Amino acid sequence: MTTTNTTETRMALPRWAMVLIFVFMLVGGALRSVEAGCQNTLKLALKNVWLCGVISYAVALTGVGAILVVWLIISRRREWPTRADLAAMPTWAPVGGLTGGAAIFAMITVASSVGVGTFNALIIAGQMFLAAAMDHYGVMGFPRRRINSRRVAACAMIIVGSYLMAKY
């Protein structure tokens, strides 16, 4: 089932699925604070932000690799991209790992200076502003969702929340 208006097309999910998705995202967001604590502790122990970043990504790669192996063992799906799939992929698509790396290094270097709450609030503010622009223009494979006064108000509230996290 799809819902359509003049600027967007989205799949309508059942309410229970949306609740599960929101819970999953909230847990993922909460784990970012745990990640900041782990990164800070690793930085303090190693006294080297670069080594901290490398170790962090090595652990992440190992974890994702283990999940892939388990998935391959229990899943009947054995579909892999073809050469044509790889050739059709935009050259910028794999750069997401580098942008994640930049976020990790920001976390490693500044989260302990401003606090986890302020760090996460400002990260979320930056994410929301760029996400609103990306949605508005429908870039990078995302459906177009035009900016409107409610989305602008949501971004403004995030900035106010970021300010309050930093001030208090």
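As a test of reading the structure, rank 118, 41 by solvent-accessible area (1.4 Å probe, protein chains only), most first.
Ranking 118, 41 by accessible area, largest first, yields 41, 118.
The share of Cα pairs per 5 Å bin across the chain, counted from zero up to the longest distance, runs 1, 7, 10, 13, 17, 18, 15, 11, 6, 2, 0 percent.
Accessible surface for residue 62 stands near 100 Å², nearest 10, in the context of the full protein assembly shown (1.4 Å probe).
One quarter of the convex hull surface built on the alpha carbon atoms of the stretch 109-154 amounts to 4.0 nm², the projected area averaged over directions.
Report the longest stretch of the chain that contains none of the trypsin sites (Lys or Arg not before Pro) sitting in a DSSP loop with at most 11 other Cβ atoms within 10 Å.
It runs 79-168.
Estimated at the nearest 10 Å², the accessible area of residue 64 is 90 Å² with a 1.4 Å probe. If you sort 164, 72 by accessible surface, 1.4 Å probe, largest first, the order is 164, 72.
The value given for the stretch 12-71 is a Kirkwood hydrodynamic radius of 13.8 Å, derived from the mean inverse Cα-Cα separation. For the stretch 37-54, putting each phi into the Karplus relation 6.51 cos²θ - 1.76 cosθ + 1.60 with θ = phi - 60° gives couplings of x, 4, 4, 5, 5, 5, 4, 5, 6, 8, 6, 7, 5, 5, 5, 4, x, 5 Hz, in residue order, rounded to whole numbers and with x for Gly and Pro. Largest accessible area first, the listed residues 168, 163, 137 line up as 168, 137, 163 when surface is computed with a 1.4 Å probe on the assembled protein chains.
With a cut-off of 14 Å between beta carbons, the residues surrounding residue 130 carry a summed charge of +1, where Lys and Arg count +1 and Asp and Glu -1.
The values are calculated or read from the model by the stated rules, or taken from the named source; none is laboratory data. Since the model is a prediction, treat every value here as computed from it, not as a measurement. Neighbour counts run over all protein chains shown; Cβ positions are idealised from the backbone, glycine included. Note: areas computed on protein heavy atoms with side chains; ligands, DNA, RNA excluded. Shrake-Rupley method; radii C 1.70, N 1.55, O 1.52, S 1.80 Å.
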